[in-house]
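The values are calculated or read from the model by the stated rules, or taken from the named source; none is laboratory data. Predicted model only: the values in this text are computed from it and were never measured. Note: areas computed on protein heavy atoms with side chains; ligands, DNA, RNA excluded. Shrake-Rupley method; radii C 1.70, N 1.55, O 1.52, S 1.80 Å.
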Amino acid sequence: MMPGDPTAYLRAEIQQNPGSYGLPPNPTLAEINEVMQTQMNYTPGPIWEKYIAYMQGAVQGNFGTSVIVDPGASNVQLILEAAPWTIFISSAGLVYGLVAGIVFGSLMAYYEGTKMDVGLTVSMLAASSVPYYIVAILLLFLFSYNLEWFPTGGRFNTDTVPGFNYPFIAGVFNHAALPILSGITIGFGGNALSLRANSIRLLGEGHIRNAELRGLSTYTISTRYLARNAILPMYTGIVLGLAGLIGGSIILEEIFVYRGMGKLMYDATVQRDFPLMTTSLIFTTAIFVAGTLIADFTYSLIDPRAEQSSMG
(Lines give C-alpha, C1' and ligand atoms only; values in the text may rest on other atoms or scores of the structure.)
Protein backbone atom coordinates (compact mmCIF):
# COMPACT_ATOMS: atom_id res chain seq x y z
CA MET A 1 0.00 0.00 0.00
CA MET A 2 3.05 2.30 0.19
CA PRO A 3 3.66 4.52 -2.84
CA GLY A 4 6.21 3.01 -5.16
CA ASP A 5 8.17 -0.20 -4.79
CA PRO A 6 11.76 -1.46 -5.19
CA THR A 7 11.30 -2.05 -8.91
CA ALA A 8 10.27 1.57 -9.57
CA TYR A 9 13.22 2.90 -7.58
CA LEU A 10 15.70 0.51 -9.18
CA ARG A 11 14.38 1.19 -12.69
CA ALA A 12 14.89 4.93 -12.19
CA GLU A 13 18.42 4.32 -10.87
CA ILE A 14 19.34 2.17 -13.89
CA GLN A 15 17.93 4.73 -16.32
CA GLN A 16 19.91 7.55 -14.70
CA ASN A 17 23.17 5.62 -14.29
CA PRO A 18 23.18 2.78 -16.88
CA GLY A 19 26.98 2.55 -16.89
CA SER A 20 27.02 1.56 -13.20
CA TYR A 21 25.03 -1.54 -14.12
CA GLY A 22 27.06 -2.48 -17.20
CA LEU A 23 24.56 -1.09 -19.70
CA PRO A 24 25.09 1.28 -22.65
CA PRO A 25 23.56 4.77 -22.71
CA ASN A 26 19.79 4.83 -23.31
CA PRO A 27 19.25 1.10 -22.56
CA THR A 28 16.18 -0.65 -23.85
CA LEU A 29 13.36 -1.80 -21.58
CA ALA A 30 14.38 -5.42 -22.08
CA GLU A 31 17.95 -4.67 -20.97
CA ILE A 32 16.71 -2.83 -17.90
CA ASN A 33 14.35 -5.67 -16.98
CA GLU A 34 17.14 -8.22 -17.33
CA VAL A 35 19.37 -6.28 -14.93
CA MET A 36 16.50 -5.83 -12.50
CA GLN A 37 15.68 -9.55 -12.45
CA THR A 38 19.32 -10.36 -11.73
CA GLN A 39 19.76 -7.72 -9.02
CA MET A 40 16.48 -8.49 -7.26
CA ASN A 41 17.04 -12.26 -7.50
CA TYR A 42 13.63 -12.62 -9.06
CA THR A 43 12.17 -16.09 -9.45
CA PRO A 44 8.86 -16.78 -11.20
CA GLY A 45 5.97 -18.42 -9.39
CA PRO A 46 2.85 -17.62 -7.34
CA ILE A 47 3.25 -15.33 -4.37
CA TRP A 48 2.13 -17.94 -1.81
CA GLU A 49 4.98 -20.23 -2.84
CA LYS A 50 7.45 -17.36 -2.43
CA TYR A 51 6.00 -16.56 0.98
CA ILE A 52 6.40 -20.15 2.18
CA ALA A 53 9.95 -20.26 0.80
CA TYR A 54 10.78 -16.99 2.57
CA MET A 55 9.42 -18.20 5.92
CA GLN A 56 11.30 -21.49 5.59
CA GLY A 57 14.49 -19.58 4.98
CA ALA A 58 13.75 -17.18 7.86
CA VAL A 59 13.41 -20.08 10.31
CA GLN A 60 16.87 -21.20 9.22
CA GLY A 61 18.29 -17.68 9.61
CA ASN A 62 18.22 -16.81 5.91
CA PHE A 63 16.37 -13.52 5.40
CA GLY A 64 17.53 -12.90 1.87
CA THR A 65 19.75 -10.17 0.48
CA SER A 66 19.55 -6.43 0.01
CA VAL A 67 18.45 -5.34 -3.45
CA ILE A 68 19.22 -1.59 -3.38
CA VAL A 69 21.07 -0.36 -0.26
CA ASP A 70 23.88 -2.91 -0.68
CA PRO A 71 22.91 -5.19 -3.58
CA GLY A 72 23.66 -8.84 -2.95
CA ALA A 73 24.72 -8.38 0.69
CA SER A 74 23.06 -10.57 3.31
CA ASN A 75 20.39 -8.67 5.24
CA VAL A 76 21.39 -10.42 8.46
CA GLN A 77 25.03 -9.46 7.95
CA LEU A 78 24.13 -5.82 7.34
CA ILE A 79 22.09 -5.76 10.56
CA LEU A 80 24.83 -7.46 12.59
CA GLU A 81 27.34 -4.89 11.34
CA ALA A 82 25.12 -1.91 12.17
CA ALA A 83 23.58 -3.10 15.47
CA PRO A 84 26.70 -2.75 17.72
CA TRP A 85 27.02 0.94 16.87
CA THR A 86 23.39 1.60 17.74
CA ILE A 87 23.66 -0.41 20.96
CA PHE A 88 26.73 1.64 21.91
CA ILE A 89 25.15 5.10 21.64
CA SER A 90 21.67 4.03 22.76
CA SER A 91 22.79 2.09 25.84
CA ALA A 92 25.07 4.95 26.94
CA GLY A 93 22.23 7.44 26.56
CA LEU A 94 19.79 5.14 28.36
CA VAL A 95 22.12 4.44 31.30
CA TYR A 96 23.17 8.04 31.85
CA GLY A 97 19.61 9.28 31.43
CA LEU A 98 18.34 6.68 33.89
CA VAL A 99 21.00 7.49 36.51
CA ALA A 100 20.36 11.22 36.22
CA GLY A 101 16.60 10.67 36.39
CA ILE A 102 16.96 8.54 39.54
CA VAL A 103 19.14 11.09 41.33
CA PHE A 104 17.06 14.15 40.46
CA GLY A 105 13.72 12.36 40.86
CA SER A 106 14.53 11.14 44.36
CA LEU A 107 15.82 14.57 45.40
CA MET A 108 12.67 16.23 44.03
CA ALA A 109 10.51 13.85 46.06
CA TYR A 110 12.53 14.27 49.26
CA TYR A 111 12.33 18.06 49.03
CA GLU A 112 8.70 18.07 47.90
CA GLY A 113 7.16 21.53 47.86
CA THR A 114 10.45 23.43 48.19
CA LYS A 115 11.97 25.81 45.64
CA MET A 116 14.35 23.03 44.60
CA ASP A 117 11.42 20.73 43.86
CA VAL A 118 9.55 23.39 41.90
CA GLY A 119 12.61 24.41 39.90
CA LEU A 120 13.62 20.86 39.07
CA THR A 121 10.04 19.87 38.20
CA VAL A 122 9.73 22.75 35.74
CA SER A 123 13.13 21.85 34.27
CA MET A 124 12.20 18.17 33.90
CA LEU A 125 8.87 19.07 32.29
CA ALA A 126 10.67 21.27 29.80
CA ALA A 127 13.29 18.58 29.11
CA SER A 128 10.66 15.89 28.53
CA SER A 129 8.57 18.17 26.29
CA VAL A 130 11.28 19.08 23.78
CA PRO A 131 11.57 16.44 21.03
CA TYR A 132 14.97 14.75 21.01
CA TYR A 133 15.54 15.52 17.34
CA ILE A 134 15.21 19.23 18.08
CA VAL A 135 17.86 18.84 20.78
CA ALA A 136 20.02 16.90 18.31
CA ILE A 137 19.80 19.66 15.69
CA LEU A 138 20.61 22.35 18.26
CA LEU A 139 23.60 20.39 19.57
CA LEU A 140 24.82 19.78 16.04
CA PHE A 141 24.46 23.45 15.13
CA LEU A 142 26.17 24.74 18.30
CA PHE A 143 28.96 22.26 18.99
CA SER A 144 29.73 21.02 15.47
CA TYR A 145 29.09 23.88 13.07
CA ASN A 146 29.70 26.90 15.33
CA LEU A 147 32.26 25.77 17.92
CA GLU A 148 33.64 22.87 15.81
CA TRP A 149 34.29 20.79 18.93
CA PHE A 150 32.73 17.65 17.48
CA PRO A 151 32.42 16.21 13.96
CA THR A 152 29.21 16.75 12.02
CA GLY A 153 28.66 13.06 11.28
CA GLY A 154 30.07 9.58 10.92
CA ARG A 155 31.02 6.85 13.38
CA PHE A 156 34.79 7.28 13.58
CA ASN A 157 37.67 9.22 12.11
CA THR A 158 38.36 7.83 8.64
CA ASP A 159 42.01 8.90 8.90
CA THR A 160 42.66 6.36 11.68
CA VAL A 161 43.19 2.62 11.42
CA PRO A 162 40.22 0.67 12.87
CA GLY A 163 41.29 -1.44 15.82
CA PHE A 164 42.16 -1.35 19.50
CA ASN A 165 44.29 1.78 19.36
CA TYR A 166 43.90 5.18 21.02
CA PRO A 167 43.34 7.35 17.90
CA PHE A 168 40.55 5.11 16.62
CA ILE A 169 38.84 4.69 20.03
CA ALA A 170 39.11 8.42 20.75
CA GLY A 171 37.52 9.13 17.38
CA VAL A 172 34.67 6.70 18.12
CA PHE A 173 33.84 8.46 21.39
CA ASN A 174 34.23 11.88 19.79
CA HIS A 175 31.76 11.02 17.04
CA ALA A 176 29.34 9.41 19.51
CA ALA A 177 29.32 12.26 22.05
CA LEU A 178 26.50 14.33 20.53
CA PRO A 179 24.24 11.34 19.65
CA ILE A 180 24.65 10.07 23.24
CA LEU A 181 23.92 13.49 24.71
CA SER A 182 20.83 13.74 22.53
CA GLY A 183 19.74 10.28 23.66
CA ILE A 184 20.03 11.26 27.32
CA THR A 185 17.35 13.90 26.83
CA ILE A 186 14.86 11.29 25.56
CA GLY A 187 14.12 9.75 28.96
CA PHE A 188 15.92 12.03 31.40
CA GLY A 189 12.99 14.27 32.32
CA GLY A 190 10.40 11.53 32.12
CA ASN A 191 12.40 9.21 34.38
CA ALA A 192 12.85 11.96 36.97
CA LEU A 193 9.15 12.84 37.03
CA SER A 194 8.08 9.18 37.24
CA LEU A 195 10.50 8.50 40.06
CA ARG A 196 9.35 11.61 41.91
CA ALA A 197 5.71 10.47 41.78
CA ASN A 198 6.63 6.96 42.97
CA SER A 199 8.91 8.29 45.71
CA ILE A 200 6.30 10.63 47.20
CA ARG A 201 4.12 7.61 47.98
CA LEU A 202 6.98 6.08 49.98
CA LEU A 203 7.98 9.11 52.04
CA GLY A 204 5.68 8.29 54.93
CA GLU A 205 6.65 4.63 55.25
CA GLY A 206 8.53 3.22 58.20
CA HIS A 207 11.87 2.46 56.60
CA ILE A 208 12.22 6.11 55.50
CA ARG A 209 11.50 7.36 59.03
CA ASN A 210 13.97 4.88 60.48
CA ALA A 211 16.65 6.11 58.09
CA GLU A 212 16.00 9.71 59.15
CA LEU A 213 16.19 8.78 62.85
CA ARG A 214 19.51 7.06 62.23
CA GLY A 215 20.90 10.38 61.03
CA LEU A 216 21.67 9.27 57.47
CA SER A 217 22.44 11.95 54.90
CA THR A 218 19.80 13.29 52.55
CA TYR A 219 21.62 11.87 49.54
CA THR A 220 21.76 8.39 51.08
CA ILE A 221 18.08 8.42 51.99
CA SER A 222 17.09 9.77 48.57
CA THR A 223 19.08 7.33 46.49
CA ARG A 224 19.36 4.13 48.56
CA TYR A 225 16.01 4.10 50.36
CA LEU A 226 13.67 6.10 48.14
CA ALA A 227 15.04 5.43 44.66
CA ARG A 228 15.61 1.69 45.10
CA ASN A 229 11.96 1.17 45.98
CA ALA A 230 10.47 3.82 43.71
CA ILE A 231 12.23 2.41 40.66
CA LEU A 232 10.42 -0.94 40.91
CA PRO A 233 7.26 0.21 39.05
CA MET A 234 9.55 1.53 36.29
CA TYR A 235 11.31 -1.81 35.85
CA THR A 236 9.21 -2.98 32.91
CA GLY A 237 9.78 0.26 31.04
CA ILE A 238 13.53 0.02 31.65
CA VAL A 239 13.70 -3.53 30.28
CA LEU A 240 11.65 -2.52 27.26
CA GLY A 241 14.05 0.37 26.74
CA LEU A 242 16.94 -2.08 26.75
CA ALA A 243 15.09 -4.31 24.31
CA GLY A 244 14.49 -1.36 22.02
CA LEU A 245 18.18 -0.47 21.76
CA ILE A 246 18.69 -2.61 18.68
CA GLY A 247 16.11 -0.60 16.75
CA GLY A 248 17.95 2.61 17.37
CA SER A 249 16.59 6.02 16.55
CA ILE A 250 15.96 6.48 12.87
CA ILE A 251 15.75 10.28 13.03
CA LEU A 252 18.68 10.68 15.43
CA GLU A 253 21.07 8.58 13.37
CA GLU A 254 19.96 10.29 10.18
CA ILE A 255 20.71 13.73 11.69
CA PHE A 256 24.22 12.70 12.71
CA VAL A 257 24.76 10.43 9.66
CA TYR A 258 25.58 7.71 12.18
CA ARG A 259 25.38 4.38 10.36
CA GLY A 260 23.62 2.19 12.88
CA MET A 261 20.37 0.27 12.80
CA GLY A 262 18.30 3.44 12.60
CA LYS A 263 20.22 4.76 9.58
CA LEU A 264 20.06 1.34 7.95
CA MET A 265 16.28 1.19 8.37
CA TYR A 266 15.96 4.76 7.09
CA ASP A 267 17.96 4.01 3.96
CA ALA A 268 16.00 0.80 3.37
CA THR A 269 12.70 2.67 3.67
CA VAL A 270 13.65 5.67 1.53
CA GLN A 271 15.23 3.52 -1.16
CA ARG A 272 12.35 1.00 -0.95
CA ASP A 273 14.63 -1.91 -0.21
CA PHE A 274 11.74 -4.04 1.04
CA PRO A 275 13.75 -7.20 1.87
CA LEU A 276 16.15 -5.25 4.12
CA MET A 277 13.34 -3.20 5.63
CA THR A 278 11.30 -6.33 6.41
CA THR A 279 14.28 -8.08 7.99
CA SER A 280 15.04 -5.04 10.18
CA LEU A 281 11.45 -4.86 11.40
CA ILE A 282 11.37 -8.59 12.14
CA PHE A 283 14.55 -8.34 14.20
CA THR A 284 13.46 -5.29 16.21
CA THR A 285 9.99 -6.72 16.82
CA ALA A 286 11.34 -10.08 17.99
CA ILE A 287 13.76 -8.45 20.42
CA PHE A 288 11.04 -6.13 21.75
CA VAL A 289 8.69 -9.07 22.36
CA ALA A 290 11.52 -10.98 24.05
CA GLY A 291 12.19 -7.97 26.29
CA THR A 292 8.52 -7.83 27.27
CA LEU A 293 8.54 -11.50 28.25
CA ILE A 294 11.76 -11.10 30.22
CA ALA A 295 10.26 -8.15 32.10
CA ASP A 296 7.14 -10.14 32.96
CA PHE A 297 9.01 -13.25 34.09
CA THR A 298 11.68 -11.47 36.13
CA TYR A 299 9.62 -8.80 37.87
CA SER A 300 8.88 -11.10 40.79
CA LEU A 301 12.62 -11.63 41.24
CA ILE A 302 13.14 -7.89 41.53
CA ASP A 303 10.10 -7.29 43.74
CA PRO A 304 9.08 -10.39 45.78
CA ARG A 305 5.85 -8.62 46.77
CA ALA A 306 4.54 -9.18 43.24
CA GLU A 307 4.82 -12.96 43.61
CA GLN A 308 3.20 -12.85 47.05
CA SER A 309 0.28 -10.76 45.77
CA SER A 310 -0.27 -13.14 42.84
CA MET A 311 -0.25 -16.13 45.16
CA GLY A 312 -2.69 -14.43 47.48
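Some observations on this one:
- Extended-chain gain in nm, criterion 0.36 nm per residue less alpha-carbon gap, VAL95 and SER20: 22.5 nm
- Calculated SAXS-style log₁₀ I(q)/I(0) at q = 0.13, 0.15, 0.16, 0.17 Å⁻¹ - region 62-176, Debye, Cα scatterers: -0.79, -0.94, -1.00, -1.06
- On a per residue basis, region 34-102 carries 59 Å² of accessible surface, using protein heavy atoms and a 1.4 Å probe.
- Rg over Rh [alpha-carbon atoms, Kirkwood Rh] for region 46-125: 1.39
- GLU254, GLU81, reordered so the largest accessible area comes first (probe 1.4 Å): GLU81, GLU254
- Phi angles across region 143-154 convert, under the Karplus curve 6.51 cos²θ - 1.76 cosθ + 1.60 with θ = phi - 60°, into 3J(HN,Hα) values of 8, 9, 7, 7, 7, 6, 7, 10, x, 7, x, x Hz, Gly and Pro given as x.
- Accessible area of region 18-110 belonging to carbon and sulfur atoms, whole % at 1.4 Å probe: 63 percent
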